[in-house]
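Undergrad: My structure is below; once you've seen it, I'll send some questions.
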Amino acid sequence: MKKNTKINLLLLLAVVALAVLPLALGLGDHKKEPFTGADGEAETAITEIEPDYKPWFSPLYEPPSGEIESALFSLQAALGAGVLAYYFGLRRGRRQGEQQARERDADSAAAGTAEESTAERA
C-alpha cells in the first residue's frame, strides 16, 4: 500500500471518529439541545452572566427556521471547500505543467548535445 493511501485512510478514520465518538459516548445528553453551535453556547453563557445584555447589532438576514440556517451554513461550507479545492488543484496542475516543461527542455537539450557530439565525431 502506498504511503499516501495510508495517510488518506488514517485521515478518513480520524474524521469518522470525530463524527461518531460524541454520539457514541453520549456527550451532551445532559443538555436540552446537545449539539447546538458555539453561537448558541455563547448566547446562553452571556445571558446567564448578564441577563440585561443587549447585542450591538442584529443579523442582516435571520432565517425563518434552524433547518434553513443549517442548510445555508452547509452551502457556505461547500462553496468554500469548492473554492479551496479548485485553488489547490490549479496550483498542482501548474506545478506539474512546469515540471513537464522542464523535463521536455532537458530532453531536448540532451538530444541536441547528443547530435552535436555525433557531428563532431564525423
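Undergrad: Could you go through the range 38-44 in sequence order and give the Karplus-derived ³J(HN,Hα) for each residue, using 6.51 cos²θ - 1.76 cosθ + 1.60 with θ = phi - 60°, rounded to whole Hz, and x for Gly and Pro?
TA: Those phi angles translate into 5, 4, x, 5, 5, 4, 5 Hz.
Undergrad: Around PHE73, with a cut-off of 15 angstrom between Cβ atoms, what is the net charge of the other residues, counting Lys and Arg +1 and Asp and Glu -1?
TA: So the surrounding residues net to -4.
Undergrad: A follow-up question, please. In square nanometres, what is one fourth of the surface area of the convex hull spanned by the alpha carbons of the range 45-85?
TA: 4.6
Undergrad: Scan the range 1-99 for chymotrypsin sites (Phe, Trp or Tyr not before Pro) in coil per DSSP, keeping those whose Cβ has at most 14 other Cβ atoms within 10 Å, and list them by number.
TA: Working: sites: PHE35, TYR53, TRP56, PHE57, TYR61, PHE73, TYR86, TYR87, PHE88; in loops: PHE35, TYR53, TRP56, PHE57, TYR61.
Sparse-neighbourhood loop chymotrypsin sites (Phe, Trp or Tyr not before Pro): PHE35, TYR53, TRP56, PHE57, TYR61.
A short reminder: the numbers here are calculations on the coordinates, not readings from a lab. Values in this document were obtained by computation on a predicted structure and should not be read as measured data. Cβ atoms come from the backbone with ideal geometry, glycine included; neighbour counts cover every protein chain shown.
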